[in-house]
1. Would you please name the residue that is surrounded by the most Cβ atoms within 10 Å (Cβ to Cβ), looking only at residues in the stretch 1-27 that are charged (D, E, K, R) and modelled with pLDDT under 75?
2. Filter the stretch 121-138 for residues that are closer than 18 Å to ALA75 by Cβ and charged (D, E, K, R) and give the result.
3. Would you mind finding the one in ASP63, ASP53, ASP105, ASP120 that is in contact (Cβ under 8 Å) with a residue 40 or more places away in the chain and among the charged types (D, E, K, R)?
4. Would you check which residues across the stretch 67-125 are charged (D, E, K, R) and under 21 Å from THR148 (Cα atoms) and list them?
5. Answer yes if at least one residue in the stretch 36-51 is closer than 18 Å to PRO98 by Cα, among the β-branched types (Val, Ile, Thr) and more than 9 Å from the chain's Cα centre (by Cα), and no otherwise.
6. Within the set of pairs 6+ apart or on separate chains, which have a first residue in the stretch 26-40 that is within 17 Å of CYS80 (Cα to Cα), a second that is in a helix (DSSP H, G or I) and small (Gly, Ala, Ser), and C-beta atoms under 9 Å apart?
7. Does the stretch 108-116 contain at least one residue that is open to solvent by 50 Å² or more (accessible area, probe 1.4 Å), modelled with pLDDT under 95 and outside any loop (DSSP other than H, G, I, E, B)?
8. Could you grab the pairs with beta carbons closer than 7 Å, sequence gap of 6+ or different chains, first residue in the stretch 1-15 and without any contact (Cβ under 8 Å) to a residue 24 or more places away in the chain, second one part of a helix (DSSP H, G or I)?
Amino acid sequence: EERLLTGCGYKIPKDDSFSQHKIFVWNNVWFSSLNCFEFANINLRSIYKSQVDLLAISEYNSDVNYFSNLVESSARDIHCYIAQANTSNFGDSRVCSPSKTEQKDIIKVKGGLNSVVIVDKLNILALREFQRLNYELQKDRKLEFKPTPPDFDKNHKRLA
């Protein structure tokens, strides 16, 4: 993205802090968004752990396998829903949950000639109720989510 922007004469602001990455709250859903280059930054992704219910990723990237791995691991590491929107030229637009492999993809579109809108419902309340449980109860339950990662902040105000 930087090469494209600078090639068109735009200047890239130099800000090493992640303060410009906002978390939004709408209808009590906590979410944020990243572009594909930002999503590839492990340090930037990690600031959202325990902080969001949903992370939206917009991308125009042909490296579908790499971003597929990022989406699946981030859903579990951050423990939130990940909405990935890639161009239909490359595919792999989906909504992924922090769930076991057989259930992780709520919606998934490989690609195609026509851009489409895919819609489903996310059970934010069920995710939060699960996140409030301690690890042992999460592990014992055969629920739709995988246990929360180490150092997950169960006291975050989003879970209150």
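1. Residues of the stretch 1-27 charged (D, E, K, R): 1-3, 11, 14-16, 22.
If we keep only those that are modelled with pLDDT under 75 as well, we get 1, 14-16.
Working: GLU1: 11, LYS14: 5, ASP15: 8, ASP16: 5.
It comes out as GLU1.
2. Once the filter is applied, which keeps residues that are closer than 18 Å to ALA75 by Cβ and charged (D, E, K, R), the stretch 121-138 yields LYS121, ARG128, GLU129.
3. Values: ASP63 fails: in contact (Cβ under 8 Å) with a residue 40 or more places away in the chain; ASP105 fails: in contact (Cβ under 8 Å) with a residue 40 or more places away in the chain; ASP120 fails: in contact (Cβ under 8 Å) with a residue 40 or more places away in the chain.
Exactly one of ASP63, ASP53, ASP105, ASP120 is in contact (Cβ under 8 Å) with a residue 40 or more places away in the chain and among the charged types (D, E, K, R), namely ASP53.
4. Selection gives GLU72, ARG76, ASP77, LYS100, GLU102, LYS104, ASP105.
5. Yes, there is a match, as at least one residue in the stretch 36-51 is closer than 18 Å to PRO98 by Cα, among the β-branched types (Val, Ile, Thr) and more than 9 Å from the chain's Cα centre (by Cα).
6. Note: pairs meeting the criteria are PHE39/SER74.
7. Initial filter on the stretch 108-116 (open to solvent by 50 Å² or more (accessible area, probe 1.4 Å)): 108, 110, 113-116.
Add one more test, that the residue is modelled with pLDDT under 95, and what stays is 108, 110, 113-116.
Filter once more, keeping what is outside any loop (DSSP other than H, G, I, E, B): 108.
Scanning the stretch 108-116 turns up at least one residue that is open to solvent by 50 Å² or more (accessible area, probe 1.4 Å), modelled with pLDDT under 95 and outside any loop (DSSP other than H, G, I, E, B).
8. Close Cβ pairs satisfying both conditions: ILE12/GLU2; ILE12/LEU5; ILE12/THR6.
The values are calculated or read from the model by the stated rules, or taken from the named source; none is laboratory data. All figures in this text were calculated on a predicted structure; none of them were measured in a lab. Cβ sites come from the backbone with ideal geometry, for glycine too, and all protein chains shown count toward neighbours. Quick note on the areas: whole protein, heavy atoms, side chains included, nothing else; ligands and nucleic acids left out. Shrake-Rupley method; radii C 1.70, N 1.55, O 1.52, S 1.80 Å.
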